[in-house]
Amino acid sequence: YSGTSGDVFPVDEIEKSVEVSTSMELYFALESGLRPLPEQGSAAERIYEKARAVLARTTDEGMSDYEKVHAIYDFLTTEVVYDDAVAEYSESRVSSQDRYNDVYNYNCFFPEGVFDDGTAVCNGLAQSFVILCAIEGIESLKIQGAAKGGRHAWNKVKIDGLWYVVDTTWGSVDVGSYTLGDHDYLLISEKAEEYGINN
């Protein structure tokens, strides 16, 4: 992660703040529009610094919100690998309790997967999208539900007063040994029926 996490971002102007120590507390604080105050040496501090460093090298303050979201989408679809093995294992767990006990302690379900390991599944990608957008002052949400016949997580993001669907999981296409970003799932509204979302 080149770029410096010390850059000033819109999140730094938010007055209401909350102390956070885990990546989930960081995610919930940012999704709620609060300025996180990460505990020193915590997972929240590490993830927050890495997220800021990503933005420092991929966005700049002269960009529009659309361009910033595009840059965030490109980072998540091209620099993070989808964890197929854990996703398949998760699907194989019959009861939700088995799934919760065995599978949800893997990093790939959380921002740690994206920022520490470079490997994630839809939930980790969707949470990381919210974190990155919120640092840039862009409102977004993680959406969970069924899509294409399975459990899935994706995002909605608000740009110029309108909500759009963004899916960084389906936007990531493996080509041989590298990953390409497919923009079919960036800021869509007309395809929202696939998600069961009525815009």
Answer yes or no: is there a residue in segment 46-55 that is surrounded by fewer than 17 Cβ atoms within 10 Å (Cβ to Cβ) and among the aromatic types (Phe, Trp, Tyr). no
Those residues that are open to solvent by 50 Å² or more (accessible area, probe 1.4 Å), in a helix (DSSP H, G or I), farther than 14 Å from Ala134 by Cα and touching a strand residue (DSSP E or B) at 6+ places or on another chain (Cβ under 6 Å), I need them from segment 56-81; list them, please. Thr78
Residue count for segment 32-43, restricted to those that are within 19 Å of Glu15 (Cα to Cα) and either assigned to a strand (DSSP E or B) or of a type in the set (A, V, I, L, M) (or both): 5
Residues in segment 29-45 that are touching a helix residue (DSSP H, G or I) at 6+ places or on another chain (Cβ under 6 Å) and open to solvent by less than 20 Å² (accessible area, probe 1.4 Å): how many? 3
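The values are calculated or read from the model by the stated rules, or taken from the named source; none is laboratory data. It should be emphasised that the depicted structure is a prediction, and the values quoted were computed from it without experimental measurement. Every residue, glycine as well, gets a Cβ built from its backbone with ideal geometry; the counts of neighbours run over all protein chains shown. For accessibility, only protein heavy atoms count, side chains too; no ligands or nucleic acids. Shrake-Rupley method; radii C 1.70, N 1.55, O 1.52, S 1.80 Å.
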